[in-house]
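The values are calculated or read from the model by the stated rules, or taken from the named source; none is laboratory data. As the structure is a prediction and not an experimental result, all values here were calculated from the model. Glycine gets a Cβ as well: all are built from the backbone with ideal geometry, and neighbour counts include every protein chain shown.
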Amino acid sequence: MALDLPLTDTAAMLRGALERYLADNPRPGWQGLAQDLGLMGVGIPEASGGTAGGAIERAVVVEALGPAMAASDWLAHHLGAAALARLAPDHGLLPVLAEGTARIALVLDPALVAGGADADWLLHLDDASARLIAAADAERRTRAMFDGTQLADVSLPVGAGEAQGGDPAAVFRWARNAQLAARCAEVAGLMARMLADTAAYLNSREQFGQPIARFQVLRHRTADMHMALLKAAALTERAVLAEDQPGWDHAVNAAVVETIDAARLVGEGAVQLHGGMGVTDELELGGLFKRALTIVAGFGPRTVHLARHAETLV
């Protein structure tokens, strides 16, 4: 694992269960994650049928699900349910969301909504309001992304679904930062797998009677990749642990900037060191790199996060 977080008992159990489950189910579906692992209850209060948990548990799950290409829809559901719980801790929808028999997607930007294609409910947040809307009442158009994931263009009905309770502005800020930090954690998991696959390939490929992993120039290249991963992971850990604390905005934007740089360096290095095989569908590597690039593109311009990082410097 790339992230070295101080695990709660719940997080440690989650990590162990995910490792065992993914070893037998490398491409898990929604039903497996919901019924076999009970992951849909993470972030939902125990009183409403969930397993509670916060930033550390979220990071553990997305880091593990990233290389399995299963993090996107889970994160959209988790953030939507957790945000609803912050607005109304005893909301009647939470028990079925915790079971996974109903799906929710968080909508911060209606243009591209992760999990929106299959969601039953949409929770739209901005800095002034919160709206819980039945997905059947919204217009949705599915878009296939570069990495094979599906997002939805969503047109929300006007003036419907005002959610009661809570502070919408505070929940919106939480959701935006939590989503960015979680996606950094997902990229950390993707980079760790790319680096591990590259190391295994270099040790198995021989030239001049020895593994090419022993060649000094290749060792330097993989060392650079490893250092980039360590820096991005360290700042991601800081962003995860700073949730709801002073300086969280600053920590999140620092993690995003470092993750943008590291994802490209590690991914491009892994593909190049695999040679022509690195861009084929024969290996998982190409899909991992595409997923990392898709997440990085979703962050938006690097300069925006640098500016936010400077603005939040105290």
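Limited to the range 74-104, what total is found for residues that are more than 18 Å from Phe172 (Cα to Cα), part of a helix (DSSP H, G or I) and touching a Leu at 6+ places or on another chain (Cβ under 9 Å)?
3
Among the residues of the range 105-112, is there at least one that is under 18 Å from the mean Cα position of the chain (by Cα), assigned to a helix (DSSP H, G or I) and in contact (Cβ under 8 Å) with a residue 40 or more places away in the chain?
no
Touching a Pro at 6+ places or on another chain (Cβ under 8 Å), under 19 Å from Thr198 (Cα atoms) and either in a helix (DSSP H, G or I) or in the same structural domain as Ala192 (by TED's automatic domain parsing) (or both): is that true of Leu293 in this structure?
no
For every residue, the table says whether it meets (1) surrounded by fewer than 22 Cβ atoms within 10 Å (Cβ to Cβ); (2) farther than 26 Å from Gly53 by Cα; (3) not assigned by TED's automatic domain parsing to the domain that holds Ala70.
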| site | (1), (2), (3) |
| --- | --- |
| Leu190 | no, no, yes |
| Arg193 | yes, no, yes |
| Thr198 | no, yes, yes |
| Gly209 | yes, yes, yes |
| Thr236 | no, no, yes |
| Ala239 | no, no, yes |
| His250 | yes, no, yes |
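Here is a yes/no grid of residues against (1) under 17 Å from the mean Cα position of the chain (by Cα); (2) farther than 17 Å from Val257 by Cα:
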position: Phe146; (1), (2): yes, yes
position: Ser155; (1), (2): no, yes
position: Asp167; (1), (2): no, yes
position: Ala175; (1), (2): yes, yes
position: Cys184; (1), (2): yes, no
position: Leu202; (1), (2): no, yes
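Which residues, taken from the range 163-209, are of a type in the set (S, T, N, Q) and outside any helix (DSSP H, G or I)?
Answer for the range 163-209, where residues must be of a type in the set (S, T, N, Q) and outside any helix (DSSP H, G or I): Gln164, Gln207.
With the requirement that a residue be charged (D, E, K, R) and without any contact (Cβ under 8 Å) to a residue 40 or more places away in the chain, what does the range 234-257 give you? It would help to see each step written out before you state the result.
So the first thing to find is which residues in the range 234-257 are charged (D, E, K, R), and the list is 237-238, 243-244, 249.
Listed by number, the list holds a single entry, Arg238.
Considering Thr149, Thr101, which residue is at pLDDT below 95 and of a type in the set (Val, Ile, Thr)?
Exactly one of Thr149, Thr101 is at pLDDT below 95 and of a type in the set (Val, Ile, Thr), namely Thr149.
Please enumerate the residues belonging to the range 149-170 that are touching a helix residue (DSSP H, G or I) at 6+ places or on another chain (Cβ under 7 Å) and within 29 Å of Ala68 (Cβ to Cβ).
Within the range 149-170, just Thr149 meets the criteria.
Can you spot a residue in the range 199-214 that is in contact with a helix residue (DSSP H, G or I) (Cβ under 8 Å, 6 or more places away or on another chain) and within 22 Å of Ser72 (Cβ to Cβ)?
Scanning the range 199-214 turns up no residue that is in contact with a helix residue (DSSP H, G or I) (Cβ under 8 Å, 6 or more places away or on another chain) and within 22 Å of Ser72 (Cβ to Cβ).
Quick one: which residue in Ala52, Ala88 is surrounded by fewer than 23 Cβ atoms within 10 Å (Cβ to Cβ) and in contact (Cβ under 8 Å) with a residue 60 or more places away in the chain?
Ala88
Can you name every residue in the range 276-303 that is exposed (fewer than 15 other Cβ atoms within 10 Å of the Cβ) and either touching a strand residue (DSSP E or B) at 6+ places or on another chain (Cβ under 6 Å) or among the aliphatic types (A, V, I, L, M) (or both)?
Correct list: Met277, Val279, Ala297.
Please go through the range 117-156 and pick out each residue that is assigned to a loop (DSSP other than H, G, I, E, B), more than 23 Å from Arg173 (Cα to Cα) and touching a residue at least 24 places away in the same chain (Cβ under 8 Å).
Result: Ala117, Asp118, Met145, Phe146, Asp147, Gly148, Thr149.
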